[in-house]
1. Could you say whether any residue in the stretch 300-315 is surrounded by fewer than 21 Cβ atoms within 10 Å (Cβ to Cβ), in contact (Cβ under 8 Å) with a residue 40 or more places away in the chain and aromatic (Phe, Trp, Tyr)?
2. Given the residues LEU88, LEU77, which is the only one that is of a type in the set (A, V, I, L, M, F, W, C), modelled with pLDDT under 95 and at negative phi?
3. Counting only residues that are hydrophobic (A, V, I, L, M, F, W, C) and surrounded by 16 or more Cβ atoms within 10 Å (Cβ to Cβ), which one in the stretch 290-299 is nearest to HIS181 (Cα to Cα)?
4. So how many residues does the stretch 3-32 have that are farther than 19 Å from SER178 by Cβ and of a type in the set (Asp, Glu)?
5. Go through the stretch 52-66 and give me each residue that's surrounded by fewer than 23 Cβ atoms within 10 Å (Cβ to Cβ) and either at pLDDT 90 or above or in a strand (DSSP E or B) (or both).
6. Checking the structure you have, find out if any residue of the stretch 264-274 is farther than 15 Å from ALA172 by Cβ and part of a helix (DSSP H, G or I).
7. All but one of (1) assigned to a loop (DSSP other than H, G, I, E, B); (2) aliphatic (A, V, I, L, M); (3) within 30 Å of LEU7 (Cα to Cα) hold for LEU158; which doesn't?
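The values are calculated or read from the model by the stated rules, or taken from the named source; none is laboratory data. Computed from a predicted structure; not experimentally measured. Neighbour counts are summed over all protein chains in view; Cβ atoms, including those assigned to glycine, are modelled from backbone coordinates with ideal geometry. Heads up: the accessible areas ignore ligands, DNA and RNA and are worked out on the full protein's heavy atoms, side chains in. Shrake-Rupley method; radii C 1.70, N 1.55, O 1.52, S 1.80 Å.
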Amino acid sequence: MSVFETLLLLIAAVLAAAISAVLIQLTRPLLLRVALAKPNARSSHRIPTPQGAGIAVTAATLLAGGIVIVLVGSPFLTIPFTVFSACLFIAVVGFADDIRSLPVVPRLLLQAAAVAAVLFSVPGELRLVPACPLWLERGLLLIAGLWFVNLVNFMDGLDLMTAAEAVPITVAVALLGSFGHVPVAPALVAAALCGALLGFAPFNRPVAKIFLGDVGSLPIGLLLGWCLLELALRQQFAAALLLPLYYLTDATVTLFRRMARREPFWAAHRSHFYQRATDNGFTVWRVVGEVFVLNVVLALLAFASVALNSLAADLALLLAGAVAVAWQLRRFSRAF
């Protein structure tokens, strides 16, 4: 990627941050009336707080990315129309769920439609495992994408948690794009999403003035999943796994534990490791701070994987990442 294209990433991030912050200021009074999240037994907040800042974050990401792409007008930098459309669609689904809870099955089907649209935008010649039949690979990716979208939603249960997770991932994807390991379009979207989350962060720091809501966590999960898929399609499997490894592990281990206990795993709960950490005496700032540091470490391991580009290095780095995540989960599950 040229210096000019790298500059575009920075412009997209700054523009998205500004748009996000302004939109949150403008929409918060309305959201106070129509999308107020009241505390319950599973909540991490104590006072009624508006949700729906994801409207601003999603709009800022798509607007900033789209504006930069259109202004450049390069045939090598095209608008991923299907991805943008799917993002808007799943944001609408999320907002409807924020206002009035949707039944589980219709909600999952609508989310699956958005994930399928993103997969449809990927050219058939781009494969993760060429020996695997295309229909099987895409079917497994659909399941994985649906889970990833939902786990990002599940993990968005603490002030600044999504920013602590997504900012290191998006910065890593943008930087990898600047070195040519990710196409320009997903790198640009990652930079814009990073900026939008930074614009949102001051309003979400403890004690939060506003939450993302499903209207934010679902499209963020979809865009992050697309960026990581684009990285994996360039045969950087280890990096694509390392970047979201904390979220993947916390959410997946929690899901299996709830299923083993025959609990309604689709219902809201306080069983995630980061939630247990606050119950065990960790402050919100300490939890999100440690998650952020862990994600920076995982990003550095991902960069090392790309730089070394060998199977042995990938296995060693994945093991190192798994050990770091396991240590963090164990720390969260014990009283402070």
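1. yes
2. Answer to the selection: LEU77.
3. Result: ALA299.
4. Here the count works out to 0.
5. Listed by number, the residues that qualify are ALA59, LEU63.
6. So the first thing to find is which residues in the stretch 264-274 are farther than 15 Å from ALA172 by Cβ, and the list is 264-274.
In the following step, the residues that additionally are part of a helix (DSSP H, G or I) were identified as 273-274.
Checked against the condition, which is being farther than 15 Å from ALA172 by Cβ and part of a helix (DSSP H, G or I), the stretch 264-274 yields at least one hit.
7. Exception for LEU158: condition (3).
Conditions tested, residue by residue: (1) crowded, with 17+ Cβ neighbours inside 10 Å; (2) among the aromatic types (Phe, Trp, Tyr); (3) over 26 Å from GLY289 (Cβ atoms); (4) at pLDDT 90 or above.
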residue	(1), (2), (3), (4)
PRO219	yes, no, no, yes
CYS227	yes, no, no, yes
GLN235	no, no, yes, yes
TYR247	yes, yes, no, yes
MET259	no, no, yes, no
GLU263	no, no, yes, no
ARG270	no, no, no, no
